[in-house]
Amino acid sequence: MGVAMLPWKTGRVKLQSANEMNFSAFQSWREQYLNAHIDLLDGGETNLYRTLTQLQPKLDQSTIDRKWHRCDLARTWLTRYGFSESYSRHALVCRGVRHALELIFKEVARSNAILWLPGDVYPVYWEQARAIGIEPQRFNTLPKPILPDSGPGSRPEFLLLTNPWKPLGRYLAEKECSALLAWLKTSHNRYLLIDCVYDFSTQFHITTQKLFEAGRAILLHSVTK
């Protein structure tokens with residue numbers, strides 16, 4: 001992680017080497033330095049919600065006070081992202097992506113399915129799977145994605161990926177999308193779990209839409225992001 005503490009007016013900031021402190025130590029040092037130098041522009045904020053505070057829209061209080069049900073949230077989300085409200089019965093409203101993965105991974109374990117996970121993205125994927133008793137299969141995304149190409153077996157298979165790719169920072173290429181569609185077509189027991197949390201567009205990327213239209217993809221999203 002690169003961090004810059006930029007002078008807002010005048011003065012210089014002496015930074016310790018990144019090797020001399022861990023993240024917790026840096027956060028402590030950062031807070032102390034900002035309190036002592038109020039003329040600095042903070043370039044070291046890593047919390048998404050605090051960073052984007054000024055961009056959060058003000059909500060109508062009457063909307064806040066209204067009683068909302070899960071079906072209302074599902075229909076609102078579907079409309080917002082260009083899906084038909086007829087999908088509302090298929091929308092799982094939960095406490096976030098981690099909660100959704102916990103529920104899905106339990107079903108994966110119950111069906112004795114194979115779970116494919118990216119080996120160089122989020123450790124939490126692996127932690128949650130192993131906590132449920134699943135030992136996932138690995139595929140790499142660095143320096144470029146290498147998708148599974150093995151033939152189908154007797155067990156169901158679930159493959160989890162992010163779109164946009166992490167940590168590559170780009171959406172799936174057309175060839176990658178086609179390879180995933182071909183992977184699905186080789187067996188009716190193959191499914192995709194697509195983590196779209198960091199797709200901030202008003203509609204999902206065209207590759208996400210193509211994979212979803214195949215009928216065997218679960219989209220993971222977060223309204224708080």
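Laid out as a table, the results:
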read-out: So residue 176, is it under 25 Å from residue 83 (Cβ atoms), at pLDDT below 95 and of a type outside the set (Ser, Thr, Tyr); value: no
read-out: Qualifying positions in the stretch 78-111 - over 27 Å from residue 127 (Cβ atoms) and not hydroxyl-bearing (Ser, Thr, Tyr); value: 78, 80, 82, 83, 85, 89, 90
read-out: Selection count where residues are out of contact with any Ser or Thr (no Cβ under 7 Å at 6 or more places or on another chain) and either of a type outside the set (A, V, I, L, M, F, W, C) or free of Cβ contacts under 8 Å to residues at least 12 places away in the same chain (or both), scope the stretch 100-126; value: 12
read-out: Helices (runs of 4 or more DSSP H) enclosed by the stretch 2-99 - at least 2 residues per element that are surrounded by 10 or more Cβ atoms within 10 Å (Cβ to Cβ), of a type in the set (D, E, K, R) and modelled with pLDDT of 75 or more; value: 23-36, 70-80
read-out: Enumerated strands (runs of 3 or more DSSP E) restricted to the stretch 132-225, each holding at least 3 residues that are buried (at least 16 other Cβ atoms within 10 Å of the Cβ); value: 157-162, 190-195, 217-220
read-out: Checking residue 126 against (1) surrounded by 18 or more Cβ atoms within 10 Å (Cβ to Cβ); (2) part of a helix (DSSP H, G or I); (3) aromatic (Phe, Trp, Tyr); (4) not assigned by TED's automatic domain parsing to the domain that holds residue 176, the condition it does not meet; value: (4)
read-out: Evaluation of residue 43 against (1) in contact with a strand residue (DSSP E or B) (Cβ under 7 Å, 6 or more places away or on another chain); (2) under 21 Å from residue 163 (Cα atoms); (3) among the small types (Gly, Ala, Ser) (one fails), failing number; value: (2)
read-out: Residue in the stretch 100-116 that is small (Gly, Ala, Ser), more than 22 Å from the chain's Cα centre (by Cα) and modelled with pLDDT under 85 present; value: no
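The values are calculated or read from the model by the stated rules, or taken from the named source; none is laboratory data. Predicted model, so just to flag it, every value in this text is computed and none were measured. Note that each Cβ is placed from the backbone with ideal geometry, even for glycine, and that neighbours are counted across all protein chains shown.
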